[in-house]
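A quick write-up on the structure given underneath.
Quick note: the coordinates plus some simple rules give every number you see, no bench work behind them. Remember, it's a predicted structure, so these values are computed and weren't measured experimentally. When we count neighbours, we look across all protein chains shown, and the Cβ atoms used for this are built from the backbone with ideal geometry, even at glycine.
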Amino acid sequence: MKVESSSYLALVRPLLKKLLDGLLERYEYASVLATDVEMKSYSVNRSGIRITENNMFGRRGFTARVYKDGGYAEYSANCLKEEDIPSVLARLNQSFKETGNRYERFPTPPAEETPLSFSKSTEFLADPRKLGDEEIVKKLVSVREEGLKADEMLVDCTTRFNYQVYHKLFLSRSRDLEQNVMFSDCSAIFIGRKEEALKDGYSASSALGGAEILERLPDCSAQALDSLRAALAAEPIQPGEYECICTPQVTGMIVHEAFGHGVEMDMFVKDRALAKNCVGTQVASELVTMKDGAATSYEDVASYFFDDEGNPASDTVIIDRGILVSGICDGVSAARLGVRPTGNGRRESVDHKVYTRMTNTFFTEGTSRPEDMIASVKEGLLLDCPTSGMEDPKNWGIQCMVSFGREIRDGRLTGRVFGPIVLTGYVPDLLKSISMISDTVGHCGSGACGKGWKEWVKVSDGGPYIKARIRLG
Amino acid sequence: MDKIISLLEKAGVSAWRVTRKRTEAVELYFIKKKLDLPRYKDLDEISAEIFRDFEKDGVKYRGSTTIFLEPSLSEEEIGRKIKDAWYAASFVKNRWYDLPKKTVSETVPSGASCRELPLAKIADSLADVVLHADSDDTAFINSAELFVRRAKVRIVDSAGTDVSCIRDMIRGEFVAQCTAPEDVEQFRQFAYDDLDPQALKEKLEEGIRDVRLRARAKGAPAAGSCSIILTGENLRELLNFYSARSGSAMIYPGYSTWKIGENVQGEVTTGEKLRLSLVTALPFSTEGIPMKERPLLQDGVLRTIHGNARFAHYLGIEPTGGYEKLRLDAGTMSYEDMKRSGALEAVSFSDFQMDVMDGHFAGELRLALQTDGSGNLTALTGGSVNGNLIPLQGKLVFSKERYKDSSYEGPLAVLIPDVMIAGSD
């Protein structure tokens, strides 16, 4: 089934068009982006049951963007009535007057748009709105109760389900685009106690789709429980450099945090990314190919048809067999850099600024079997359960954290576990040390990605198992 | 709001809370000295929490759901959303609890001295400070984002509560860059409840000073165990361990076993006893509960369990509302003495994190400073710290010098012994 169009956006379209016409009379370039977002979150744990609408990624609203005298200005609101149009026009006019005399503008060519018009929708199997609150809560309760039977040491288990249906309408002089998208995710978190410390085990699944994702919740629960048991058994690690096998989840964190943020080309504009000077050079082992895009073959929570500047989604090869070939780019940065936008201009919600953002980001698969990769390690760790990561585009320093690593000796898992573990080092050193890549891949988009400490957007990341040398602490 | 309340009553919803937040904002984005983008926004956000009481097998329950009611919704759409929320609440099988007592108050004005200024003027004042913070081509402000917001919040509920307040919020971030001898950067955030150009100026100067140090930093600190110094925001992050574990949201489900009167800091050996307070940033909580300053820890002993009405009812304690700000009254050692002790000063991390569940704190070092016995300063970068607060909390020593931002008032620095460093061999 396809996600249906928004009746609200259909209703306000004439008003948005009227606003756009008013802006186009005054400005060299103008566009209007309007959204209608429905997001609902469900969770069950020892604290109780929770059903709530969620406004993390916005609700209804619009942003008007205009270009004049070498720069852009934007105005956002969450409601547009006919009588508001003069005040929106006046506010933007006032902006250019106030800032024009006071500040020099960062040079920016106007957007160049080829004509484009479409209305597209993603598909889903089960509509969570039709499945209903009662059935969703029943499923979360039953998986939780089943999970808690597994072990008496458990303090709690949380089961969660979220879905979002969003509709976006982009209007400019040459573009009229509409998209209707639904994605969902589910997760299980087990909590156990080890003396005064609480440890947790987490597993999640996500998809471009609807409530069908709930079928994966029992598997998430089993994996989360397994992770908790490992975390509870973990011993402190001796800092040093180790031969590591990374699970697809850890690979995803390295792809996203260690390298992905560094090829967001709005950072090139600010001279904040080392990658700017490395295009065409080897940055990784020749086994590595990395991609990002809302139109990649890996459909997940960050798949869409056009970005928040009205540029079509794409499938960008970032690293081709070890060589950095391209960054990803929003429209304004692309104009400044003289390159083509890649459809990566995204806003946290309609009232936030556009930045270059990742979408679905991953290493492509290799040829090795995961079991052969483990068998090839004389002394090392199988790193699992990523917990957090932070980017460093300027200096390519790594900060990634995982809950634990399972010890490998003479090609076998010994049963010993170490954790929590911080991965550090220099990104190209890690990527160039990759010596094996598995033929199986995994990806997930259960969380959100920030730019620095804010501007959260849904992303997915992943890839194959990789073998690399990594400094751990 | 009146229309929504009348529709709630018409739908037979007997217990509800409606919150309206009207926000006006000006945002300025700069790349070096040039304006990248000015943004303006006006948001009118209304949410309603709908409570439904029901009984099953002789047990009373109170379910609730929250819905967002945009100003563009028609009366028919609002009615439908209320009906759906009422239905959903019947599956939220949470034990019955009392809602907060009725509170009525005139609108509490913003306490900021800039409350009468137009937001664009406040943003311009911040921009003046940022654009004049650097004076040479080697170390400078690479980019900055300035956010000025004024929000009026009104909370009305079915028990008769009707409170409102206005808050000014000044937030932002900047990146300081130094191009020689190494091309490096330092990221900094700031958050104030008032226009404070001097505080921002000092933050910018500190950012530029630190990025100069990072530009000449050589290598990671030596691997092994050593004493570290944490400052400012990282010290505040460490204290999250205490604010989170004393929250009813962690105590009710049994994640935290802390009890009032318990010495949660444990035996204090070489360190200082903790005296922490919960400080108000707003006059009312999100449930309309009047907020006041409360002692959290007195000499390491837990004095307050804080949180919302539901968990407070379950635990049989007074609901306090949620707190964003902490004050720590401690400090016996000068910051200079800490540095002279040979401890590694962790100036900045890529992302310093305190795991309140297991007590671990960790982060990758972007800049660390170490002073040797002769007073020579070495700047270091790379490697990571990885420690656990639980066995170390009796050994914390705080600086006499103070630090203040929108979420913390207290010692500028803390000295923590026996922290594991992953660094050079």
ask   = Calculated FRET efficiency, residue B:216 and residue B:44, Cβ-Cβ r, R0 41 Å, to nearest 0.05?
value = 0.20
The range B:258-273 versus the range A:351-399: alpha-carbon centroid distance in Å = 40 Å
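In debye, nearest 20, what is the charge dipole magnitude of chain B about its Cα centre with +1 on Lys and Arg Cβ and -1 on Asp and Glu Cβ, if you could check?
1060 debye
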query = For residue A:367 and residue A:69 in one chain, what is 0.36 nm times their gap in residues minus the Cα-Cα distance, to one decimal in nm?
reply = 101.9 nm
remark   = Stretched fully, the stretch from residue B:138 through residue B:406 gains (0.36 nm per residue minus C-alpha distance, one decimal, in nm) 93.4 nm
ask   = For chain B, modelled as a GNM with alpha-carbon contacts under 10 angstrom, which of B:323, B:252, B:408 fluctuates the most?
value = B:252
Gyration tensor (Cα) of the protein assembly as shown, equivalent ellipsoid semi-axes in angstrom = 38, 35, 31
request  = Positive end of the charge dipole of the range B:2-212 (Lys, Arg +1 and Asp, Glu -1 on Cβ, about the Cα centre): tell me which of B:99, B:208, B:118 has its Cα farthest that way.
outcome  = B:99
key: Residues A:157, A:186 arranged by fewest to most Cβ contacts within 10 Å   = A:157, A:186
request  = Determine the calculated [θ] at 222 nm for chain B from helices alone, applying -39500 (n - 2.57) to every DSSP H run no shorter than 4 residues and normalising by the residue count; nearest 500 deg cm²/dmol.
outcome  = -6500 deg cm²/dmol
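Suppose every Lys and Arg Cβ carries +1 and every Asp and Glu Cβ carries -1, with no other charges. What dipole size does the protein assembly as shown come out with about its Cα centre, to the nearest 20 debye?
So the dipole magnitude of the protein assembly as shown works out to roughly 1180 debye.
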message = Let me test this: with uniform point scatterers at the alpha carbons of chain B, what is the Debye-based log₁₀ I(q)/I(0) at q = 0.11 1/Å?
response = -0.99
ask   = So what does the Cα-only Debye profile of the range A:240-472 read at q = 0.10, 0.15 Å⁻¹, as log10 I(q)/I(0), no solvent term?
value = -0.42, -0.93
query = In whole Å, what is the distance between the alpha-carbon centres of the range B:175-219 and the range A:1-31?
reply = 42 Å
request  = Take the alpha carbon atoms of the range A:252-315, find their center, do the same for the range B:5-72, and report the distance between the two centers in whole angstrom.
outcome  = 35 Å
query = How about the range B:189-260: which trypsin sites (Lys or Arg not before Pro) there lie in a loop by DSSP and see at most 12 other Cβ atoms within 10 Å?
reply = B:218, B:259
note = Computed from every Cα-Cα pair in chain A, P(r) in 10 Å bins starting at 0 and rounded to whole percents is 4, 19, 27, 25, 16, 7, 2, 0
Relative exposure of B:258, B:16, A:453, judged by other C-beta atoms within 10 Å (fewest first) = A:453, B:258, B:16
key: Listed pairs A:97/B:201; B:121/B:203; B:292/B:325; A:353/B:83; B:339/B:400; A:270/B:33 exceeding 23 Å between Cα atoms   = A:97/B:201; A:353/B:83
task = Output the direction-averaged projected area (hull surface divided by four) of the convex hull of the alpha-carbon atoms of the range B:69-214, in nm².
result = 14.3 nm²
ask   = Simple spin-label model, 7 Å along Cα-to-Cβ: residue A:87 to residue A:54 in nm?
value = 3.2 nm
inquiry  = Within 10 Å of each Cβ in B:387-398, how many Cβ atoms from other chains are there, averaged over the peptide?
reply    = 1
task = Could you tell me which of A:122, A:136, A:355 has its Cα farthest along the dipole of chain A towards the positive end, charges placed at Cβ (Lys, Arg +1; Asp, Glu -1), taken about the Cα centre?
result = A:355
ask   = For residue B:273, which aspartates and glutamates qualify as cross-link partners when the Cα separation must be under 15 Å and same-chain residues fewer than eight apart are set aside?
value = B:262, B:299, B:329
task = Output the DSSP H helices from chain A with an along-axis C-alpha extent of no less than 15 Å and a mean Kyte-Doolittle hydropathy no less than 0.0.
result = A:7-26, A:217-233
remark   = Rounded to one decimal in nm, the spacing of the 7 Å Cα→Cβ label points at residue A:135 and residue B:269 is 5.9 nm
query = Once Lys and Arg get +1 and Asp and Glu get -1 on their Cβ, which of B:363, B:348, B:338 lies farthest toward the positive end of the dipole of the range B:331-375?
reply = B:338
message = Suppose only helical runs count, i.e. DSSP H with n ≥ 4. What mean residue ellipticity at 222 nm does that imply for chain A under -39500 (n - 2.57) per run, divided by all residues and rounded to the nearest 500 deg cm²/dmol?
response = -6500 deg cm²/dmol
key: Inter-label distance for residue A:142 and residue B:317, nm, one decimal - labels placed 7 Å from Cα along Cα-to-Cβ   = 3.8 nm
request  = Determine the shielding of peptide A:372-385 by partner chains: average, over its residues, the number of Cβ atoms on other chains within 10 angstrom of each Cβ.
outcome  = 0
ask   = Taking R0 as 22 Å, what's the FRET efficiency between residue B:11 and residue B:59 from their Cβ-Cβ distance, rounded to 0.05?
value = 0.30
